Amino acid sequence: MRVSRVIILTVILGFLQITILDYFKVFSVKPDLILIAVFCAAIFLDLKPALCVGLLAGIFKDAFTSSALGFNAVLFPIWVFLIATLIRRVSIEDNISRIALLFIVAILNNLISGLALVYSIGSLSWSIFLRITFLASVYTALIFSLILRIIKR
Amino acid sequence: MFKPTKQQLKSFVIFLSLLILFFLASIALRQPLINISKHPLNLVKLIQREAGGIIFYHRNLVRNEVLERERDILNYKINALNEAYLENIRLKENLAFKQKSSFKLIPARVITRSADSWSSSLIIDKGSYHGIRSGMGVITYLGLAGRIMEVAGSTSRVMLLSDPSLGVSSLIQRSRQEGLVSGTLGSNLIMKYLSEDADIKIGDMAISSGLNGAYPKGILIGKIVEIGKDFSGLSRFAVIEPAVKFSNIEEVLVVLP
């Protein structure tokens, strides 16, 4: 996949994330389309352009969330680096493995985001924490499977 | 002078009676006659239509294309007008609220929403150029919405009441019981730190207390839908159904102190 295509995908998904996605919430959670774009960059691009996409996507996400500044801008390039390293060692070519890997990344990302929120506000109900961590990750993985089908066409 | 004979009178009465009978009969038989003749008339009409359709096929085809084009244009206009109509209603409601309320308000439009599920915030199209400062309260005509957290020149970030990071001092309208309302990142809010003997019932309305100064007193927050006990057992909490639907806010009002 070409760099320009991944950048276009990232821009489209980023804008969808901050505009209409609130209307598609399920149990008050929404999928992380920006993470999907970063994941696509990590699996389809070389390390350097993928890291750039990760960084820009992180900055973009940080701009539109009320989390601490730079949180995603740090986290996303780390995910890109780890995914790229893993792909170099283990071949992940089929869609099911990719979806499973994204699901794991989404869970870890949500766990870190959730723990950061708990740390900042003092307490958060376990049910809310688990609901967002797992449901948002499942939702993200399901949307990723749809995006993979679109990309394939 | 004309004097009718018995025979003439009899004939006249019979004639008049027949006229009245026919008149009444025509009234009585009108509907059955229409019903009976409806089917043959329909058949004639159908044949006429089909024959016309075949004869004027090309003319109808062209006319159909023109009408379809017109329909598409009209549909587009209807959609645009419908959107303008809905916006008009919302703005009228906002204006009515603005006129009713004693505090100064700045209307603003929502540009974007939070990018993740771990926070609940909005970005609005008004900022420091319009007099907005950090910490100001944000409401809609339905009730309390949130608070300004960051301000730029022409935009501001609003943290919604559904975000757990935001706490608002509130009152139960009926009993004046105080509590702290904060978000759950879900569809409901939670009112915390209620004492064991707090006078609170399901269906009570929660309003802002006006204690922190960001919001005026008496702005509606929502309705109590559930009451529970904390893990510690020392205090109770109440689940509130918010008056404002946070997922579809399009316009807000920023409260100037």
Test each condition in (1) touching a residue at least 40 places away in the same chain (Cβ under 8 Å); (2) crowded, with 19+ Cβ neighbours inside 10 Å for B:Ala206 and report the one that comes out false.
(1)
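The rows are residues; the columns are (1) in a helix (DSSP H, G or I); (2) touching a residue at least 60 places away in the same chain (Cβ under 8 Å); (3) surrounded by 14 or more Cβ atoms within 10 Å (Cβ to Cβ); (4) touching a helix residue (DSSP H, G or I) at 6+ places or on another chain (Cβ under 9 Å).
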residue: A:Leu75; (1), (2), (3), (4): yes, no, yes, yes
residue: A:Trp79; (1), (2), (3), (4): yes, no, yes, yes
residue: A:Tyr119; (1), (2), (3), (4): yes, no, no, no
residue: A:Arg131; (1), (2), (3), (4): yes, yes, yes, no
residue: A:Val138; (1), (2), (3), (4): yes, no, yes, yes
residue: A:Ile150; (1), (2), (3), (4): yes, no, no, no
Would you point out which residue out of B:Ser170, B:Ser121, B:Ser154 is at pLDDT below 90, among the small types (Gly, Ala, Ser) and surrounded by fewer than 24 Cβ atoms within 10 Å (Cβ to Cβ)?
B:Ser154
Checking B:Gly210 against (1) touching a Pro at 6+ places or on another chain (Cβ under 7 Å); (2) in a strand (DSSP E or B), only one condition comes out false. Which one?
(2)
When the residues of the range A:4-56 are filtered to those that are within 11 Å of chain B (Cβ to nearest Cβ), part of a helix (DSSP H, G or I) and touching a Leu at 6+ places or on another chain (Cβ under 8 Å), which remaining residue is modelled with the lowest pLDDT?
A:Leu21
Here the residues within the range B:189-202 that are within 14 Å of chain A (Cβ to nearest Cβ) and either surrounded by fewer than 17 Cβ atoms within 10 Å (Cβ to Cβ) or farther than 10 Å from B:Ala238 by Cβ (or both) are B:Lys192, B:Tyr193
Quick check: anything in the range B:163-170 over 21 Å from A:Lys61 (Cα atoms), under 28 Å from the mean Cα position of the chain (by Cα) and part of a loop (DSSP other than H, G, I, E, B)?
no
Do any residues in the range B:145-164 that are within 11 Å of chain A (Cβ to nearest Cβ) have Cβ atoms under 7 Å from those of residues that are hydroxyl-bearing (Ser, Thr, Tyr) and assigned to a strand (DSSP E or B), where the two are at least six apart or on different chains, and which pairs are they?
B:Glu150/B:Ser156; B:Arg157/B:Ser121; B:Val158/B:Ser121; B:Met159/B:Ser121; B:Leu160/B:Ser121; B:Asp163/B:Ser121; B:Pro164/B:Ser182
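The values are calculated or read from the model by the stated rules, or taken from the named source; none is laboratory data. Because the structure is predicted, anything quoted here is derived from the model rather than measured. Positions of Cβ are generated from backbone atoms using ideal geometry, with glycine treated the same way; all protein chains shown enter the neighbour counts.
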